[in-house]
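Student: Just dropping this structure here.
The values are calculated or read from the model by the stated rules, or taken from the named source; none is laboratory data. Here the structure is a predicted model, which means the values were calculated and not measured. Note: ideal-geometry Cβ built from the backbone for every residue, glycine included; neighbour counts use all protein chains shown. What goes into the accessible areas is simple: the full protein's heavy atoms, side chains included, and nothing from ligands, DNA or RNA. Shrake-Rupley method; radii C 1.70, N 1.55, O 1.52, S 1.80 Å.
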Amino acid sequence: MRFLGLLTVNTRAALSISLLILVIMLAAITLMPPGHAGPPGDGQWSSIGPTMLSAALVVAIFFGALALRTIHRQRTLLQQLRQRLHAHHPDRASTGDVVADLTNAVEMLLQEQQTLHQHDQSSQQRLRLIADNIPALVAYVDTAYKVIFANRRYESAYGIAPGQVDGMAAADLLGPDVYAQSEPFMRDVLGGQAAIFERLVTHTGAVRWERVSYMPEWAADGSVTGFIALAEDITELKRAQHTFARSEMRLRMITDNMPALIAYIDDKQHFRFCNAYYETILNLPPEKVLGLTVREVTGEAGYGAIAGYISRVLGGERVRFEQHSDSPGGRYFLHDYLPDIDPGGKVIGFYSMVLDITERKLAELHQRASETLLRHVTDSLPALVSYIDHDERYQFNNLPHEQWFGRPLAEITGQRVADLLTADEYARHKQYYDQAREGKVARFEFEARQNGSQRYFQAAYLPQFDDQHQLSGVCGMINDITTLKLVENQLRVLARHDTLTGLPNRNQFNEKLAEAMARSRRSGHAMALMFLDIDHFKAINDTLGHHSGDEVLCEFARRLLHSVRQTDTVSRLAGDEFVIILEGLQLPTESTKVAAKIINAMSTDFDVLGVPRQVSTSIGIAVGKIDDTDGSALLRRADEALYVAKAAGRNTFRSAP
């Protein structure tokens, strides 16, 4: 049965037909009566029967032979197959039965196929694990531009859900932009040519650069079945390249546009690099300078001036020096030589930069001269001039600081302000210095003892700004204003006092009157105002002169002061008009007693230029009232009472109602 199962359908049909014919023939012979050649009444059976049997036998033999031939051919093939299987598996013993051997072989092949399938699955899992952990994008694309495989990094990079890439069109995975960049290289790789290119990805959120490699996969017949795609994120590399390229371009641009001779010279003193400025200064294009020696470029005289410095830099020492040219114009140059040392410590050349510092040098000389002039000017000023930096250190002090601090300038400049001032002085100056550091000009006055006497000073702290308008420090100036202060105080006194008699003038009187009235209201004590003038004063001026009149006024003022208390105020309003403010009166009538005292004080003759002169006064008195709101009403009432006293014959007093 196992053998029949190996036969083809046609072979099994031929065998079946042959057996059927043989069975029919045997049945016919068996059922025919002995000695009877045909059915009764049928005269033809005797002749037809043998013919049919013969034909049936021939057909059976034909189909049987056909089946046997086919069986022989298939058996031969099966034997060949068994031999080949035995050749591949010589360790497997033969049973002698072709069908059994083939059956065992088939079972073995099925087992091997299952094992291979399991191994293939395991390999694919390992391949997926490896591919997913490669720091690159890995994919396989077939000839129809279908993505057969892509690792997780590829899916993540292009925003595809896990497991959705397989079978996706490359155009759908990459997007229109990236696909347009990649498609020409896909055609190349499917044509058998490996490709490496870079592409820009912009549609996935963050812009990035990828370096892509396409490698074709070849079939046994030499045709391309697809390709492997490997993509690396080179965004940082591109940025670095871009930065480097820009840096290199800027470096060349900078060196070519710098007003300096920049070169690299090897240890044999040959130029290996020079910038375009060599053509500007030496009238030599850079390409003609390269290869020449320093001596050939500078000439004997020029080389002799720098040969010693070149020896030092080739000895491993960095060298900086200034050189003044003796050529017309006398320009100044700053040379800077930097040795180039290889990893082994050998000097293989040096970098040279030569700057034309003529303008800077002339500016330095001019600045030095200006600083010298400034020093002379500030040292001659009767003021303290200083510059204080951010750390509150003196960076400049003029000569008067030596007298102020009692030490030489060398021990002042560079010191912290707090270390030179007392704690009280520092606290006083600190608040204004801080205002200047905020960009405000701070001015203030203070008193201090200098050389045993009290002096007055005016200080100013001014913020100083650099070219970028940033605060660079504070400039301080302190002036001795003692003389000015004394004059100011004197002027203040003059503004409030009568210059002839020294009594308070009208301005101070108005202030004093308002204050006295306010005190009277608070205390409840009475006050009074007396208005006085000198009787016939005009006649004194007319007959004896104004100088005599002034003496009378001064003596009159002195006698008034002696007639009142220190708490009372005596003022001169104008000419011969005087007023007296009486405060703290217990009774309003006390004012009349003061008036009588004054009249009595004036009864003694005045000495006017050595000549006795009788002088009298008339007085008007106004006692303060509760309803008085200002001093003008009180003064007006006293003035009216004065006129009443004059009308009464002078040398008397009257009180206002």
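Student: What is the sum of charges around Tyr332, taking Lys and Arg as +1, Asp and Glu as -1, for the other residues whose C-beta is under 15 Å from the C-beta of Tyr332?
Tutor: With Lys, Arg at +1 and Asp, Glu at -1, the neighbours total -1.
Student: Something else about it: Quick one: what do you get for the range 202-348 if you divide its Cα Rg by 2.2 N^0.38 Å?
Tutor: 1.73
Student: Would you calculate the separation in nanometres between label points at Asp424 and Asp467, each defined as 7 Å from the Cα along the Cα-to-beta-carbon direction?
Tutor: 4.6
Student: Test of understanding: express the Cα radius of gyration of the range 139-196 as a ratio to 2.2 N^0.38 Å, with N the residue count.
Tutor: My calculation over the Cα atoms of the range 139-196 gives 1.09.
Student: Let me ask you something else. Quantify, in whole percent, the carbon and sulfur part of the accessible surface of the range 332-401 (1.4 Å probe; protein heavy atoms only).
Tutor: 62
Student: Using R₀ = 45 Å, calculate the FRET efficiency as 1/(1 + (r/R₀)^6) where r is the Cβ-Cβ separation of Ala369 and Arg239; round to 0.05.
Tutor: So the FRET efficiency works out to roughly 0.30.
Student: Determine the distance separating the Cα centre of the range 453-514 from the Cα centre of the range 361-394; give it in Å without decimals.
Tutor: When both Cα centres are located, 28 Å separates them.
Student: Spin-label point model (7 Å from Cα, Cβ direction): what's the Ala169 to Thr629 distance in nm?
Tutor: 10.2
Student: Cα-based Rg of the range 515-561 per 2.2 N^0.38 Å, rounded to two decimals? Each step should come with its number before you reach the end.
Tutor: Details: Rg = 16.6 Å, N = 47, 2.2 N^0.38 = 9.5 Å.
Cα Rg divided by the expected 2.2 N^0.38 Å: 1.74.
Student: What distance in nm lies between label points placed 7 Å from Cα along the C-beta direction at Ile196 and Thr280?
Tutor: Going by the 7 Å Cα→Cβ label model, 4.2 nm.
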